[in-house]
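Peer 1: Handing you a structure now.
The values are calculated or read from the model by the stated rules, or taken from the named source; none is laboratory data. Since the model is a prediction, treat every value here as computed from it, not as a measurement. Positions of Cβ are backbone-derived with ideal geometry, glycine not excepted, and every protein chain shown enters the neighbour counts. Surface areas here come from the heavy atoms of the whole protein model, side chains and all, with no ligands, DNA or RNA. Shrake-Rupley method; radii C 1.70, N 1.55, O 1.52, S 1.80 Å.
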Amino acid sequence: SPDDNSDDEAEKEEGEVEGASPDESKEARLEARREQRRQNELQAMARLRLLGNMQFVGYLFKKKMLTEKVMHYSIQDLLKEVSRPKREDVECLSKLLATIGSVLDSPRQDASGCIDKSTTRRAKNVMDNYFQRINTLSRNERLESRLRFMLQDTIELRSKGWVQRRSADGPKKIEEVHQEAKRELMAQRAAQEARVGGVKASSESKLIAQTSCCDALGLPPHWKASHPANPKGHVVRLEELPLAGQQGLSQLPSSVNPWVWMQMVEQGVSRMDAVAALLASGGNKDVAMSMSLQWQQVGSQHQHPYSPQQLDLWADQAEVQRILQRFRKSGMQAQRVRRIERIQNEMLWRRYALRLSELRDRHGHHEGEQERLLFHGADKSTLEAVINEGFDIRVSNAGSLGQGTYFAQASLYSSRYSSMSRRAALNQDEVQHLQQQQAQGQSRRPAFLADGLAMLLCRVALGKVTAGSPTLRRAPPGFDSVRSETTQELDEVYAVFDNNQSYPEYIIHYQ
């Protein structure tokens with residue numbers, strides 16, 4: 001190795017000196033040279049550790065485990081000396097900005113999920129001030145050429161939208177190497193087809209654009225676009241999902257695991273691309289993710305024999321199967337389910353998403369239970385009010401966990417609180433008329449069964465959980481929700497004391 005060669009040269013040099021002359025001054029100079037070499041190696045190792053730590057700090061911020069205020073303080077500290085900067089400060093500054101610059105330069109959103117222009121403008125001004133100083137530093141003749149080029153690369157990186165010219169890949173597993181080779185092969189084939197045939201965007205891509213147009217507003221990616229009849233109003237849409245046996249549906253392919261499908265969708269893959277990738281990969285999530293990402297990058301026609309309409313139906317079926325599996329987990333029969341409606345309430349969702357983000361910022365992504373799918377049973381008029389206006393703990397009755405909104409792990413538990421009282425159910429003609437209104441975005445009323453019951457399947461942001469007590473009116477200090485004391489998961493009951501910590505995602509109609 002280079003270090004061994006250096007030591008060999010030092011030993012050789014030492015032997016020549018001893019052989020030539022026993023002068024002790026030459027021996028001291030040789031020892032000083034070796035000591036200097038060791039010090040240089042230690043400094044190089046310390047510099048590498050420092051840069052690694054700075055990159056790690058940047059990753060912690062991107063995972064929302066550190067605040068933006070801490071990052072700005074770090075950058076300002078590294079930029080405080082422009083005339084005679086330390087070499088370590090310049091290197092750390094470049095590494096930190098390369099890691100977090102895209103986040104600091106991204107548009108800011110307000111509580112409703114829309115872009116806050118004033119906050120975004122202030123953030124841009126702050127970054128512009130930083131780069132004015134960096135530009136001054138890059139022309140400082142007292143800096144080494146290597147450091148000046150490093151700063152110029154950082155300036156260029158921002159000008160190109162923080163897109164790295166080359167990715168800094170670390171060690172890879174053999175499976176990752178195979179997947180990367182497969183992605184490169186797919187890209188080469190797609191590029192060749194595009195050159196030869198001039199492949200046009202498929203009708204599936206157009207349908208994807210329609211179904212994902214609400215993603216920019218911070219809405220769930222598996223929602224379908226809301227009807228634009230009243231875009232400035234309180235948009236609530238009830239989207240009925242097809243059950244097996246309806247509309248001549250074919251059975252969902254076994255390679256499309258409903259839970260894996262939803263994980264891919266929540267990671268940014270379109271609902272139909274997720275189905276197509278799982279079919280093409282035989283259900284392998286890692287391969288499916290690689291294929292879907294490759295499709296997004298290439299932008300050409302997908303190489304599968306399925307129509308956009310078929311993929312859309314299978315995506316709906318995957319969503320339904322996920323709900324039914326959750327419904328029958330606690331002993332309820334899936335055959336009792338007659339209708340499932342997805343609740344698309346934009347106002348309630350934004351409030352919930354903001355609250356969930358606050359809990360993750362407070363506790364980190366891996367501390368606490370964060371988010372669960374839980375059931376809530378009530379009479380039909382209460383369910384209708386919740387769908388349109390959300391939960392309201394002011395009208396909640398105090399129970400064993402306190403005066404909050406209760407949710408159960410088991411559908412069987414929530415079914416005890418479902419009833420047909422307080423609002424007459426709809427007959428078949430009224431149901432059909434209501435479904436037509438829902439299809440046009442003109443109704444917020446669920447299509448209740450004439451002789452059935454209903455319950456909600458909700459997303460609940462639990463945060464940090466502790467045991468509850470009947471006297472509670474809010475979560476205990478340091479906690480965000482409470483639960484019953486039990487050793488059986490299906491017997492767990494939770495209570496939250498913040499209306500924005502839960503979102504009614506589906507209404508399940510059953511008999």
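Peer 1: So if I check each of N40, N53, which one is free of Cβ contacts under 8 Å to residues at least 12 places away in the same chain, under 23 Å from R362 (Cα atoms) and assigned to a helix (DSSP H, G or I)?
Peer 2: N53
Peer 1: Between T99, T120, which is surrounded by 13 or more Cβ atoms within 10 Å (Cβ to Cβ), of a type in the set (S, T, Y), at pLDDT below 85 and within 23 Å of the chain's Cα centre (by Cα)?
Peer 2: Result: T120 is the single residue among T99, T120 that is surrounded by 13 or more Cβ atoms within 10 Å (Cβ to Cβ), of a type in the set (S, T, Y), at pLDDT below 85 and within 23 Å of the chain's Cα centre (by Cα).
Peer 1: How do the strands (runs of 3 or more DSSP E) wholly within the stretch 458-511 filter down when requiring 1 or more residues that are surrounded by fewer than 21 Cβ atoms within 10 Å (Cβ to Cβ) and without any contact (Cβ under 8 Å) to a residue 60 or more places away in the chain: which remain? Spell out the reasoning first.
Peer 2: Numbers: elements: 465-467, 481-483, 493-496, 502-510.
Qualifying strands (runs of 3 or more DSSP E): 465-467.
Peer 1: If only one of S281, S254 is modelled with pLDDT of 80 or more and open to solvent by 30 Å² or more (accessible area, probe 1.4 Å), which one is it?
Peer 2: S254
Peer 1: Scan the stretch 123-136 and tell me whether some residue there is within 30 Å of E346 (Cβ to Cβ), under 29 Å from the mean Cα position of the chain (by Cα) and modelled with pLDDT of 85 or more.
Peer 2: yes
Peer 1: Further question: If L219 meets every condition in (1) more than 27 Å from L356 (Cβ to Cβ); (2) modelled with pLDDT under 85 apart from one, which number is that one?
Peer 2: (1)
Peer 1: Does R38 satisfy the condition of being of a type outside the set (V, I, T) and either at positive phi or out of contact with any helix residue (DSSP H, G or I) (no Cβ under 9 Å at 6 or more places or on another chain) (or both)?
Peer 2: Here the answer is yes, as R38 does meet what is asked.
Peer 1: Ok, one more. For the stretch 123-156, name all the residues that are in contact (Cβ under 8 Å) with a residue 60 or more places away in the chain and within 27 Å of Q109 (Cα to Cα).
Peer 2: Residue satisfying the conditions is T154 alone.
Peer 1: Between a first residue in the stretch 272-283 that is farther than 15 Å from Q309 by Cβ and outside any helix (DSSP H, G or I) and a second residue that is open to solvent by 10 Å² or more (accessible area, probe 1.4 Å) and aliphatic (A, V, I, L, M), which pairs have beta carbons less than 9 Å apart while being 6 or more apart in sequence or on different chains?
Peer 2: Hits for this filter: G283/V260.
Peer 1: Of all the residues that make up the stretch 315-363, how many are in contact with a Leu (Cβ under 8 Å, 6 or more places away or on another chain) and either among the acidic types (D, E) or not in a helix (DSSP H, G or I) (or both)?
Peer 2: 15
Peer 1: Could you tell me how many of the residues in the stretch 404-421 are open to solvent by 40 Å² or more (accessible area, probe 1.4 Å) and more than 29 Å from the chain's Cα centre (by Cα)?
Peer 2: 6
Peer 1: For the stretch 394-405, what are the residues that are in a strand (DSSP E or B) and in contact with a Ser or Thr (Cβ under 8 Å, 6 or more places away or on another chain)?
Peer 2: G402, T405
Peer 1: On the given criteria, is S330 open to solvent by less than 10 Å² (accessible area, probe 1.4 Å) and touching a helix residue (DSSP H, G or I) at 6+ places or on another chain (Cβ under 8 Å)?
Peer 2: Answer is no for this residue.
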